[in-house]
Amino acid sequence: MSKGKIKIKINGKKISCSEGDTILNAANRAGIKIPTLCHDYRLEPYGSCRFCSVEIKGMARLLPACTTPAADNMDISTDSETVQRIRTRLVSLMLSNHPNDCMRCEADGDCSLQDLAYEYNVDGSEYGGERWDLPIRQANPFITYEPNKCIVCGRCVRICNEVVMAGTIDFTGRGFNTVPDTAFRTARTLSNCEFCGQCVSTCPTGALTDKKGRGKGRAKDFKKVRTTCGYCGTGCNFFLNVKDNKVVKVTSDYNGPVNHGNLCIKGRYGYDFIHSPDRITKPLIKKGKKFVEASWDEALGLVAKKFSEILKKHGPDSCGAFSSSRCTNEENFLLAKFVRTVFKTNNVDNCARV
Amino acid sequence: MAVTKTRPKTELKKLLIKVCVGTGGLAAGSQAVLDKFSRQLKSGGIKAEITKKCTQRTGCRGFCAKDVLVDVIRNGKKSTYQFVDTDKVSRIIKEHIIGGTPVKEWLAGPEYEAFHSKGTKVLLKQCGEIDPEDIESYIETGGYKATKKALKMKPEQVIDLIKKSGLRGRGGAGFPTGQKWELCSNAEGSPKYIICNADEGDPGAFMDRSIIEGNPHSVLEGMIIGAYAFGASRGYVYIRAEYPVAITRLKLAIKEAEKKGFLGNNIGKSKFDFDIRIKEGAGAFVCGEETALIASIEGARGMPRSKPPFPVYQGLWGKPTVVNNVETLATVPLIVFKGPKWFSSIGTKTSKGTKVFALTGKIKNTGLIEVPMGITLKEIIYDIGGGCPGNRKFKAVQTGGPSGGCIPASHIDMPVDYESLQEIGSMMGSGGMVVMDDTTCMVDMARFFLDFAQNESCGKCLPCRVGNKRLYERLKDITEGKGREGDIEFLLSLAEDIKISSLCGLGQTSPNPVLSTIKYFRDEYDAHIREHRCPAGVCEAFRKYIVNAEICKMCGKCFKECPSGAITWKRKQPAFIDRDKCVKCGNCYEVCPFHAIL
C-alpha cells in the first residue's frame, strides 16, 4: 500500500490519515472511540462481531471499522441512530445465547460483554429460543472452557493460529452451533496444546479462564503488580494478581514493550513456586552435614574466598563460568566480564550457545 | 430380434440414438437404457453397419421431469421418446428403428416442444447434443474456435469485447464481467488466478451442473479466454463434491484439452501458459461466496472475509483473482465467437443475453430452461412451464434461491432482469425458480428457507449466526400455532438489522424470503397468528380434522386410510371424524382428493 495521505470525515470532524489505514485506526488516532469486541490489536482484523460497524454515506449497509480501509472523502458516522440500533441489536442477540449468570462468573468485572450489556441496557430475553447447554471442559491442568459463555468472536482461535501457531483450536460446527474447540473435541493435552493461555488472555468473556485461579477471587479483589518474568532473558512483562498477599494468577500486560501481552506457559502458569514451602528464600551454607541459614554477606564472602584460593593454587584456567539463557543479555555480559577480568580466563559459556 | 444381416446397410448408417445421461437421466435409469440399446442392436446384427455414435452419450437437455429421454434420429428424422425404460427398448428398436414407424404413444408431447422452442437456447444449445466426453464432438460444432480467435487478439481487446457485450455475472449479483476482468488486469501482483465457481448450492438449482455435465469444454474455454484477457496463469474450478458426474467429465475434459494443446504451456503458440485444477468442495453452502470459496481452496475453513479488499485485488493466496460463475464463463466463448453485438441484441437495456433457470416446485414442466433476459414471469410459468399442476392457482414464485424473494402472482407480468427483480425485493440469484400454488403456505415457505440459511451459516458473524436462528425460531413458532401479536414487527425489524449488518451475501440476503412474504402475504401471517389457521392448509398445528360435509364426495378414501378407527363412513354418507379417537396423523388430509378435510 502506498502511504499517501487521504482526508476523511468522522462524525463531521475532518481527519487526515494514511491510505490503507482502517477506519478503526484512523478514528482511534483522532480520539474517536469505536467499541470493538472481536478486535485484538495483536491479531489480524477479522470483522466477525460487527460491533464496530459504522455508517458510511452512500452505502446501504454498515461496514465494520476494523476491516474496512479508509478511502478519500469518506463520510463516516460512528454514532448515528442506525449504528446505535445495530449495536443494541448485537448485544441483545449475544445475550440471547448466553447464561447471563454474572453473579457466579469468574470473569465478572473483567468482561466486555457485561460492560456492553450494562451500557446498552439489554438482556436478550425478547428472543426466547434455544440456548447452548454444553458441558464445561476442564480435563487439563490449566484452562477451563465454558462454551456456553462463548460469543464466538474467534479471538482464541485466531491467537492460537496467528500468534502462537499451535493450531490447537478452531471453529467446529456450523450455523448457530459454531463453537471454537479442539479437533474432534478431545481434551487438551501437551500433544495438541502448548498451554500458553494466550486464548485465555484474549477471551473477552468468561468462556476461557485460568483453572488454577478459579474461585480464588475476581477482578475487583485483586491488587495488580506489574513485574518482569524471571524465566528467560526475553523480559516479558505481566501482572501478578495478588489477593491477601498471595499471587492468585497472572494476567497480561498489553502495554508490555517486549511482549505486548503475549506470554508462554512458564510466564502465565509457572508461578506455583512463589508460595511453595520448599522455596529457599535465604542463602544456606553447609556446615558439617547440615545446611545452615546465613546472611548474603556471609555467603558471598565464602564464595569469594574459596574462588580466590582455587585461583591462587591452580591458576586462572582452573575456573570458569556457565551462564543461563534465563539471564538477560546484560547479565550475561556482566558474567563474561567478571570471568575475564576477575578470574582472568576465557572459560565462559552459555547454555543458549548450542 | 427380427433384424437380419441382409437388411440394407445404407438405411441404418444414418441411425443415431441419443440417450440423456445427465444426473437426472442417470437417476431415472438411463445407463441401463443405453446399455440395452447397444446390446440389442449388437445382438440384432446391426453392429457392423453402425458407427460408435449410435449410442452417443449426451448431457442434460433440461427437461428432467420426462427422463429418460431418448432421441432416435433415423435417416435424418428425429423423434424424441420420453419416460423410456428398459422394457420399452425392444419395441422402439423393433417398430421404429427396424420398422420405420415411431412408437407414437411414447413420444414426447407438445409440452416438450414448448419447453425447448419457447426459450432461446444459446448456452444450452450444445447440451444434450454433443458428447461431453469427447473433445472432438465439441470441436466439430465450432468448439475452441473462440479461444483461437481470442489468442490472436490483444488481451485488452478481449476485455473490451466482453465489456461491450454487456455480460453480467450469472452467479447472482450481476457485476459486469468485463469490468471485473479489467480491474484484475490492472491490479498489481502476480501470479493472477481465475476461479470458476461451480459450488451450486441453492436448493432446487442445477444449471451449473447441467452445463458442466453437458458441455464441460465451454466452461474451460471461458476460463482460458478470461485468463488470457487479464493475465492469469492458473485456474481453479471449485465444484461441489456432490456432483460426481460433472467432476468426472470435467477431469476428462481438462485432460483432453491438455492433449490438444488448449491448456498447458505456450497455448496456440501465443506464449500464453495456463493450466486448470479442480478443487472439490466439502458441502458448505457458504463456499459459493467468493471469499469463503477462496479460503476453502487455500485449505482453511470456508468462512468469508470482509470486502473490501475485493478478490480482484487480494484473492487466492493474496493475489489478484477473478471468481466467475459457470454460466458466465460458458457464455464467454459464444460472445467472443459471435461478437458482442450478437449478444447484446438479446435481452434488455441493462441485462443482456440469456439466463438459464431451474424451474421447479408446483409446476407441470419442471426442468432447465434458457430464456432471454426481459422475458416476463408469465411466459416462463405458463408458456414454458405449463402452469401449476392440477390447474391449481399460481400463487408466487421464489427466485434466487434462499437469498431471493418471493414474487406474488400480481407481479406476473414483470420482466425478469437484474434490476426489476431487485426492485421487487428479490434477486436474480444463480437461477433457481421455485413455483408455488395455492397449496403452499407462505409462512411455512419462509420458515423452510430460513431453516436452510441458519443451518448453512458459517457462524462467523453474529447477526447471521444468531439472528437467522432467532428469525427461524419465531417463524417456526408461528407455523406451530404459537404466534403472538407483535411477531410480524419483531420479524421485520430483526430481518432488516440482519440485512444491513451481516458480513457476507448469505446473511445480507437470507432475510429476503421473510421480508418479501410479509410484504406480499401479510394476511397469511395474520391468519396464523390471530385466527389460528393456515389458509393453505399446510401447517399441521392448525388442522382441525373435521370433514366439510358440503364438499365431501363420500368416496371413503379417508376411512380406509385412518389408522386409529376415528372415521366413520358409509356409502352415500359423508365421513365423520371422531376427534377423541383421532391421532392427528394427517393421513385423511393427505388422501382426500377434494380437500374436504380441514
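Nothing in this text is a laboratory measurement; each read-out follows from the coordinates by a stated rule. Worth saying up front: this structure is predicted, and the values here are computed from it rather than measured. Don't worry about glycine lacking a Cβ; one is built from the backbone with ideal geometry, like all the others, and counts go over all protein chains shown.
Testing the spin-label approximation: label points 7 Å from Cα along Cα→Cβ at A:T281 and A:N192. State their distance in nm. Output for this residue pair reads 4.2 nm.
Just checking the listed ones, A:T88, A:T186, A:T341: in the Gaussian network model of chain A with Cα springs under 10 Å, the one fluctuating most is A:T341. Among the GluC sites (Glu not before Pro) in region B:512-551, those located in a DSSP loop and surrounded by at most 16 other Cβ atoms within 10 Å of their own Cβ are B:E531, B:E550.
Amide hydrogen proximity for B:F63: with H placed 1.01 Å from N in the peptide plane, the residues at 5 or more positions away or on another chain lying under 5 Å are B:L368. A DSSP coil position with no more than 12 other Cβ atoms inside 10 Å describes the following trypsin sites (Lys or Arg not before Pro) in region B:429-522: B:R484.
Amide H contacts of A:I143 (H built 1.01 Å from N, in plane; Pro and chain starts excluded): A:K211 sit under 5 Å, all sequence-distant by 5 or more or on other chains. Size of the protein assembly as shown: Rg and Dmax of its alpha carbons, in Å, are 35.9, 129. For the residues A:P283, A:P45, A:P69, a GNM of chain A with alpha-carbon springs under 10 Å puts the largest fluctuation on A:P283.
Pairs of Cα atoms nearer than 8 Å and 6+ residues apart set the relative contact order; for region A:226-354 it is 18 percent. In straight Cα distance, which lysines are under 21 Å from A:K212, not counting same-chain residues fewer than 8 positions off? Result set, ordered by chain and number: A:K149, A:K220, A:K223, A:K224, A:K243, A:K246, A:K249, A:K266. A crude spin-label estimate for the pair B:N391 and B:E485, with each label 7 Å from Cα along the Cβ direction, gives 4.4 nm. Calculated mean residue ellipticity, 222 nm, chain A: -6000 deg cm²/dmol, from DSSP H runs (n ≥ 4) at -39500 (n - 2.57) each, averaged per residue and rounded to 500. Which of the lysines could be linked to B:K362 by a straight reach, that is with a Cα gap under 18 Å, when you skip same-chain ones fewer than 8 residues away? Hits, sequence-local ones excluded: B:K66, B:K378, B:K393, B:K395. Using 1/(1 + (r/R0)^6) with R0 = 41 angstrom and r between the beta carbons of A:K33 and B:S410, what's the FRET efficiency to the nearest 0.05? The formula returns an efficiency of 0.25 here. A convex hull fitted around the alpha carbon atoms of region A:100-209 yields 113 Å³ per residue. For chain B, the antiparallel share of DSSP beta bridges with both residues in that region comes to about 55%.
Set the Cα radius of gyration of region B:135-344 against 2.2 N^0.38 Å, with N its number of residues, and you get 0.93. Entry note, chain B: the mean residue ellipticity at 222 nm calculated from DSSP H runs of n ≥ 4, each adding -39500 (n - 2.57), is -10500 deg cm²/dmol after division by the residues and rounding to the nearest 500. Mean sequence separation of contacting Cα pairs (under 8 Å, at least six apart), scaled by the length of chain A, corresponds to a relative contact order of 10 percent.
Qualifying GluC sites (Glu not before Pro) in region B:267-371, where qualification requires a DSSP coil assignment and no more than 15 other C-beta atoms within 10 Å, comprise B:E298. Label sites at A:K14 and A:M59, each approximated as a point 7 angstrom past Cα along Cα to Cβ, lie 2.3 nm apart. Computed 3J(HN,Hα) for region B:29-40, one whole-Hz value per residue from the Karplus formula 6.51 cos²θ - 1.76 cosθ + 1.60 where θ = phi - 60°, is x, 5, 4, 5, 5, 4, 4, 5, 4, 5, 5, 5, glycine and proline marked x. For region A:195-201, putting each phi into the Karplus relation 6.51 cos²θ - 1.76 cosθ + 1.60 with θ = phi - 60° gives couplings of 6, 7, x, 4, 4, 5, 5 Hz, in residue order, rounded to whole numbers and with x for Gly and Pro. Mind listing the long-range amide H neighbours of B:N548? Cut-off is under 5 Å, sequence gap 5 or more, other chains count too, H placed in the peptide plane at 1.01 Å from N. The list, which skips near neighbours in sequence, is B:I597, B:L598. Look at where the Cα atoms of region A:96-110 and of region B:130-184 average out, and the two centres are 57 Å apart.
Rounded to the nearest Hz, the phi-derived 3J(HN,Hα) couplings of region B:156-162 under the Karplus curve 6.51 cos²θ - 1.76 cosθ + 1.60 (θ = phi - 60°) are 4, 5, 5, 4, 4, 4, 5, where x marks glycine and proline. Highest GNM mean-square fluctuation among A:L263, A:L190, A:L116, for chain A modelled with Cα contacts below 10 Å: A:L190. For region B:525-554, the residues whose amide N sits under 19 Å from a probe point set 7 Å from the Cα of B:E561 along the beta carbon direction are B:534-554. Near B:A65, once Lys and Arg are set to +1 and Asp and Glu to -1 for all other residues with Cβ below 11 Å from its Cβ, the sum equals 0. Pairwise Cα distances in region A:222-279 exceed 17 Å in 34 percent of cases.
I'd like the distance between the alpha-carbon centres of region B:264-282 and region B:302-331, rounded to an integer number of Å. Centre-to-centre distance over Cα atoms comes out at 18 Å. Given R0 = 22 Å, the distance between the Cβ atoms of B:T439 and B:E419 translates into a calculated FRET efficiency of 0.10. Rounded to 0.05, the FRET efficiency of the B:I546 and A:N177 pair, given R0 = 41 Å and the Cβ-Cβ distance, is 0.50. Where both bridge residues fall in region B:135-344, DSSP classifies roughly 10% of the beta bridges as antiparallel. With both residues required to sit in the protein assembly as shown, DSSP beta bridges show an antiparallel share near 70%. Reported to the nearest whole Å, the Cα centre-to-centre distance from region A:268-315 to region B:415-468 is 76.
Each Cα pair under 8 Å and six or more residues apart adds its separation to the average, and for chain B the resulting relative contact order is 11 percent.
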